[in-house]
Amino acid sequence: DAGVTQSPTHLIKTRGQQVTLRCSPKSGHDTVSWYQQALGQGPQFIFQYYEEEERQRGNFPDRFSGHQFPNYSSELNVNALLLGDSALYLCASSLQTEAFFGQGTRLTVV
Amino acid sequence: KNEVEQSPQNLTAQEGEFITINCSYSVGISALHWLQQHPGGGIVSLFMLSSGKKKHGRLIATINIQEKHSSLHITASHPRDSAVYICAVSKGGTSYGKLTFGQGTILTVHP
């Protein structure tokens, strides 16, 4: 089992562009959460998906959207990128009392 | 004030030393998590606690629900323990719902 897989690992985008990040959860995990971690900071909760629905959302603007597919994989979309969106984006999959984190996608906006 | 506060922010130790990292929180929680993050980003879940104490190898985690405080101890520290240790809490009915993270403690263990 590969655990939680995120792609791509690194990405460079220009201000105003749009980006899609992908997450494949650990086998059997039905819940996917996304976090943004700015350099030197703790992760901040973006949103969580369960049964293809957004179940909880953190304090992020509507430019941040997501999707969960029937196989539980998930995408994070960010529109109209800002320099401040540069961060490590982490995906975590969970099932009841177990959770695993991916290695993250390092997004740089220039 | 952050809902989750960790101390110290930075910790340097010599190999073999006993290490303690503290976490205080100000909200009701369903569970508290200790996580380890190495350079490059990947996060590993070390413990999930809702009461008492847990031990795994050289790592021990305790929580005092009344005092809203948790500690992570590392016995006989080793350079490979060097990492960022993060405390996080989950609120509401699920153990892995929205996690609120502390700022992390950067641990460096010298040989």
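Only residues that are assigned to a loop (DSSP other than H, G, I, E, B) and out of contact with any Asp or Glu (no Cβ under 9 Å at 6 or more places or on another chain): list them for the stretch A:43-58, please. The answer is A:43, A:52, A:58.
Condition check ((1) within 14 Å of another protein chain (Cβ to nearest Cβ); (2) among the β-branched types (Val, Ile, Thr)) across all residues:
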site: A:24; (1), (2): no, no
site: A:31; (1), (2): yes, yes
site: A:38; (1), (2): yes, no
site: A:43; (1), (2): yes, no
site: A:49; (1), (2): yes, no
site: A:75; (1), (2): no, no
site: A:80; (1), (2): no, no
site: A:87; (1), (2): yes, no
site: A:96; (1), (2): yes, no
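Considering each residue of the stretch B:29-47 in turn, none proves to be of a type in the set (Gly, Ala, Ser) and touching a His at 6+ places or on another chain (Cβ under 6 Å). For the criterion of being crowded, with 20+ Cβ neighbours inside 10 Å and either of a type outside the set (S, T, N, Q) or out of contact with any helix residue (DSSP H, G or I) (no Cβ under 7 Å at 6 or more places or on another chain) (or both), residue A:94 passes. Just one of the numbered conditions (1) closer than 20 Å to residue B:45 by Cα; (2) free of Cβ contacts under 8 Å to residues at least 40 places away in the same chain is not true of residue A:25: (2).
Results for (1) open to solvent by less than 40 Å² (accessible area, probe 1.4 Å); (2) closer than 26 Å to residue A:3 by Cβ; (3) more than 10 Å from the chain's Cα centre (by Cα), shown as yes or no for each residue.
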| residue | (1), (2), (3) |
| --- | --- |
| B:43 | yes, yes, yes |
| B:55 | no, yes, yes |
| B:58 | no, yes, yes |
| B:73 | yes, no, no |
| B:77 | yes, no, yes |
| B:80 | no, yes, yes |
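Only one of the listed residues (B:88, B:76) is more than 9 Å from chain A (Cβ to nearest Cβ) and either within 18 Å of residue B:4 (Cα to Cα) or outside any strand (DSSP E or B) (or both). That residue is B:76. Of all residue pairs spaced 6 or more apart or on separate chains, those with beta-carbon atoms under 8 Å, a first member in the stretch A:64-87 that is free of Cβ contacts under 8 Å to residues at least 60 places away in the same chain and a second member that is buried (at least 17 other Cβ atoms within 10 Å of the Cβ) and in a loop (DSSP other than H, G, I, E, B) are A:72/A:25; A:72/A:29; A:73/A:25; A:74/A:25. When the stretch A:8-42 is limited to residues that are closer than 18 Å to residue A:96 by Cα and in a loop (DSSP other than H, G, I, E, B), the one that is most open to solvent (accessible area, probe 1.4 Å) turns out to be A:27. Within the bounds of the stretch B:25-37, is there any residue that is open to solvent by 50 Å² or more (accessible area, probe 1.4 Å) and under 19 Å from residue A:41 (Cβ atoms)? Yes, that holds for at least one residue. Note on the stretch B:22-51: residues that are under 17 Å from residue B:69 (Cβ atoms) and assigned to a loop (DSSP other than H, G, I, E, B) total 7.
With respect to (1) in contact (Cβ under 8 Å) with a residue 40 or more places away in the chain; (2) surrounded by 17 or more Cβ atoms within 10 Å (Cβ to Cβ); (3) more than 14 Å from chain A (Cβ to nearest Cβ); (4) more than 14 Å from residue B:29 (Cα to Cα), the lone exception for residue B:110 is condition (2).
The values are calculated or read from the model by the stated rules, or taken from the named source; none is laboratory data. This structure is a prediction, so every number in the text was calculated from the model and none was measured. Neighbour counts are summed over all protein chains in view; Cβ atoms, including those assigned to glycine, are modelled from backbone coordinates with ideal geometry. Surface areas here come from the heavy atoms of the whole protein model, side chains and all, with no ligands, DNA or RNA. Shrake-Rupley method; radii C 1.70, N 1.55, O 1.52, S 1.80 Å.
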